[in-house]
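Undergrad: The structure follows.
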Amino acid sequence: MSWRATVLTLFPEMFPGPLGLSLAGRALSRGDWSLEARQLRDFGLGRHSSVDDTPFGGGAGMVLRPDVVDAACDAAMGEGPARPLLYLTPRGRLLDQALVRELAAGPGVVVLCGRYEGLDQRVIEARRMREVSVGDYVLSGGEPAALVLLDACVRLLPGVMGGAESAEEESFSAQDSGPLLEYPHYTRPAEWNGMRVPEVLLSGHHAEVARWRAAQSEAATRERRPDLWRRRTDQASADTHSVAWAATRNG
Ligand code: 6GU
């Protein structure tokens with residue numbers, strides 16, 4: 001049974017989109033994963049297949065109806081093992097590599113893409129949806145966020161990435177002390193527009209190359225992502241304390 005993605009959306013034509021090409025697309029063709037985009041409007045009500053209505057309490061925009069979304073969720077769950085139901089919204093928890101790893105390790109996902117002002121809160125709670133955001137900016141709908149989430153999951157599926165190491169060696173891969181940004185890369189020519197590749201990379205000294213890259217990763221993380229760097233130093237100090245604590249106990 002391969003990893004299964006069902007997307008509930010008012011714009012099923014956006015899928016597979018970029019996920020039909022390159023790495024994810026080849027994996028889709030091989031059957032390493034499957035993707036089904038379902039039209040929310042098929043579950044709409046009345047002569048106009050309405051999916052939304054005006055917000056109680058007033059205000060701008062429209063809100064997706066809970067009964068319509070609930071019916072779509074019933075249809076999406078279908079057969080097979082239960083999959084987590086994700087609602088993509090800027091109100092959600094930020095998507096990170098830990099959540100991606102968790103989702104990729106499971107049977108798949110059902111992803112509801114938001115549009116308009118939002119979704120009736122009651123169906124979020126009744127369906128125990130996990131609300132997920134892809135970043136602190138506002139998209140016009142959840143579809144691009146769904147493409148981001150699915151791409152991140154699919155590349156971790158067994159057999160999807162060529163070298164087993166390449167998926168793990170990059171920024172944000174599993175590391176005891178927290179993620180680091182990647183070091184910079186260089187290729188031929190060794191001199192371009194008067195700029196030389198760092199000499200150590202031409203030296204053939206593998207240990208020195210590894211040391212230089214580690215230092216570059218740390219410097220980039222410290223400068224560009226102080227939030228990640230702090231998490232790392234906090235983790236290191238927690239490790240030191242637990243080692244000290246264990247030493248006291250083992251006396
Ligand atoms: Cl999941 N949806 C929308 N509309 N905007 C977003 C988002 C999601 N994540 C970040 N911005």
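Undergrad: Would you please list the contacts, defined by Cβ atoms under 7 Å and residues six or more apart or on different chains, that run from a residue in the range 1-30 that is within 28 Å of Asp74 (Cβ to Cβ) to a residue that is surrounded by fewer than 20 Cβ atoms within 10 Å (Cβ to Cβ) and of a type in the set (Asp, Glu)?
TA: Ser2/Asp32; Thr6/Glu36; Leu19/Asp151; Ala24/Asp151
Undergrad: In the range 1-41, which residues are more than 20 Å from Leu103 (Cα to Cα), in a loop (DSSP other than H, G, I, E, B) and open to solvent by less than 70 Å² (accessible area, probe 1.4 Å)?
TA: Leu10, the sole residue that qualifies.
Undergrad: Are any of the residues in the range 74-82 within 16 Å of the ligand (Cβ to nearest atom), under 25 Å from the mean Cα position of the chain (by Cα), surrounded by fewer than 19 Cβ atoms within 10 Å (Cβ to Cβ) and outside any strand (DSSP E or B)?
TA: Looking for residues that are within 16 Å of the ligand (Cβ to nearest atom), under 25 Å from the mean Cα position of the chain (by Cα), surrounded by fewer than 19 Cβ atoms within 10 Å (Cβ to Cβ) and outside any strand (DSSP E or B), one finds none in the range 74-82, hence no.
Undergrad: Just give me the residues in the range 145-164 being within 11 Å of the ligand (Cβ to nearest atom) and touching a residue at least 60 places away in the same chain (Cβ under 8 Å), in sequence order.
TA: Answer for the range 145-164, where residues must be within 11 Å of the ligand (Cβ to nearest atom) and touching a residue at least 60 places away in the same chain (Cβ under 8 Å): Ala146, Leu147, Leu149.
Undergrad: Consider Gly194 against the criteria (1) exposed (fewer than 12 other Cβ atoms within 10 Å of the Cβ); (2) modelled with pLDDT under 95; (3) on the phi > 0 side of the Ramachandran plot: it satisfies all of them except one. Which criterion is unmet?
TA: Every condition holds for Gly194 apart from (2).
Undergrad: Can you pull out the residues in the range 91-143 that are more than 18 Å from Thr9 (Cβ to Cβ), assigned to a loop (DSSP other than H, G, I, E, B) and near the ligand (Cβ under 10 Å from one of its atoms)?
TA: The answer is Gly135, Asp136, Tyr137.
The values are calculated or read from the model by the stated rules, or taken from the named source; none is laboratory data. As the structure is a prediction and not an experimental result, all values here were calculated from the model. Don't worry about glycine lacking a Cβ; one is built from the backbone with ideal geometry, like all the others, and counts go over all protein chains shown. In case anyone asks, the SASA skips ligands and DNA or RNA and just uses the protein heavy atoms, side chains included. Shrake-Rupley method; radii C 1.70, N 1.55, O 1.52, S 1.80 Å.
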